[in-house]
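Structure record follows, encoded as structure tokens.
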Ligand code: FAD
Ligand code: EPU
């Protein structure tokens, strides 16, 4: 058994039976030919920033190191770039900005690899991966074939895709193609960004690089750096409830924020609900609820997956009791 503590951002002491670096798609094919995928328990990891191991992993970790970037199409207004799935997401953002391509600046500083980005359709500050996603290539571990998937086939939703449902644990994404713009236009609809721009003394039209800078600053002000404090970002997804339920809650909790969607439902910030249940900043042994963002559970050093799960259950229960709202993990729980 080998320690994989350094391979996931919660930083719990976890062991796995084996560790295999995947440097090219051919490495996957070689494993397939040896019967690896059908005969072994395995898990592909990118940056390990959205997983929580319940216990030791009785199988092999495949570490995604597939690199590369290639401009596939270049028009007057946009460019299509294919990235190897092991490229680090924030480096992709920086590379895009440095080359004058915009569209993903609001997604600055999200940890992890681009290959994991489609799994939960990463999102932040009003932009989601799906807004720039063109297609991906994936290695099908059942058939041994490389398949190409277009946007509709990925069935992207809020922190959701087909890879969390029918295709869960089957496809290994080997490349992702993004369609980035060259128009320099950027989205600042999210309140915090506008406030930060004002503080910078900037006026519209805002530059994508300035939006990136603002997003980085906002994120650093409230999200813990996993290099210092173990965490996986938001532990739960924000719940989406019926507008009738929302209106009922507003009677007892008039300052409850809510963001209506176009299907007549309302997204409610789980961080707000959790904070008002008294968990924010509370420490329970080696684990806790972050002091600046109640949606983020943290490992102070020696915390275990079981302890974090135990805390998450208590939070779910408290939120259910107080608000009759169910909240579900965003983090992929392994084991
Ligand atoms: P991993 O944790 O390695 O894997 C996550 C899951 O995807 C696993 O089930 C894994 O098996 C699977 N997977 C990974 N790569 C592939 C692949 N190539 N093919 C098939 N399956 C694969 N997320 C957001 O959406 N928005 C945010 O603002 C955000 N902020 C965060 C802030 C912090 C501080 C942290 C720690 C996390 C944050 N996250 C956020 C969550 C996380 O960064 C994203 O989910 C990211 O996409 C995970 O990438 P990863 O490479 O680390 O994936
Ligand atoms: N809030 C509280 N208390 C808290 C935390 C938040 O009251 O402890 C309130 C805030 O005051 C605000 C609202 O909740 O009114 C929303 O807070 P915030 O802007 O911090 O965003 P979030 O809903 O908590 C989501 C994503 C983040 C993403 C940010 C920015 C989910 C599950 N999380 O967080 O994504 O970075 O918006 O767009 O959708 C992640 O997925 O890991 C992640 C960090």
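Structural remarks
- Residue in the range 81-93 that is farthest from residue 125 (Cα to Cα), counting only those that are surrounded by fewer than 20 Cβ atoms within 10 Å (Cβ to Cβ) and touching a strand residue (DSSP E or B) at 6+ places or on another chain (Cβ under 9 Å): 82
- Filter pass, residue 172 being touching a residue at least 12 places away in the same chain (Cβ under 8 Å) and either under 17 Å from residue 44 (Cα atoms) or assigned by TED's automatic domain parsing to the domain that holds residue 260 (or both): yes
- Number of positions in the range 97-125 that are touching a helix residue (DSSP H, G or I) at 6+ places or on another chain (Cβ under 8 Å) and closer than 12 Å to residue 178 by Cα: 6
- Among the residues of the range 11-31, those identified as surrounded by fewer than 19 Cβ atoms within 10 Å (Cβ to Cβ) and within 26 Å of residue 87 (Cβ to Cβ) are 18, 19, 20, 21, 23, 24, 25, 26, 27, 29, 30.
- Here the range 190-213 is the region considered, the condition is being assigned to a loop (DSSP other than H, G, I, E, B) and over 25 Å from residue 80 (Cα atoms), and the residue that is nearest to the chain's Cα centre (by Cα) is 190.
A quick yes/no check of all residues on (1) touching a strand residue (DSSP E or B) at 6+ places or on another chain (Cβ under 7 Å); (2) without any contact (Cβ under 8 Å) to a residue 12 or more places away in the chain; (3) buried (at least 20 other Cβ atoms within 10 Å of the Cβ); (4) over 18 Å from residue 46 (Cβ atoms):
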position	(1), (2), (3), (4)
112	no, no, yes, no
117	yes, no, yes, no
130	no, no, no, yes
144	no, no, no, yes
148	yes, no, no, yes
151	yes, no, no, yes
158	no, no, no, yes
168	no, yes, no, no
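- For the range 122-156, a tally of residues being part of a strand (DSSP E or B) and within 12 Å of ligand 2 (Cβ to nearest atom) returns 4.
- The set of residues from the range 105-131 being closer than 16 Å to residue 209 by Cα and either in the same structural domain as residue 50 (by TED's automatic domain parsing) or away from ligand 1 (no atom under 12 Å from the Cβ) (or both) comprises just one member, 105.
- Residues of the range 41-57 satisfying the condition of being away from ligand 1 (no atom under 11 Å from the Cβ) and surrounded by 15 or more Cβ atoms within 10 Å (Cβ to Cβ): 54, 56, 57
- Scan of the range 175-196 for residues that are over 27 Å from residue 236 (Cα atoms) and in contact with a helix residue (DSSP H, G or I) (Cβ under 6 Å, 6 or more places away or on another chain), ordered by number: 180, 186
- Index of the failed condition, residue 60 passing every other in (1) in the same structural domain as residue 157 (by TED's automatic domain parsing); (2) crowded, with 16+ Cβ neighbours inside 10 Å; (3) away from ligand 2 (no atom under 16 Å from the Cβ): (1)
- Of the listed requirements (1) outside the structural domain of residue 116 (by TED's automatic domain parsing); (2) without any contact (Cβ under 8 Å) to a residue 24 or more places away in the chain, residue 74 misses just one: (1).
- Scanning the range 176-184 finds no residues that are within 16 Å of ligand 2 (Cβ to nearest atom) and not in a loop (DSSP other than H, G, I, E, B).
- Exactly one residue out of 17, 21 is in contact with a helix residue (DSSP H, G or I) (Cβ under 9 Å, 6 or more places away or on another chain) and in a strand (DSSP E or B), and it is 21.
The values are calculated or read from the model by the stated rules, or taken from the named source; none is laboratory data. This one's a predicted model, so the numbers in the text were calculated from it and none came from an experiment. Virtual Cβ from ideal backbone geometry, glycine too; neighbours counted across all protein chains shown.
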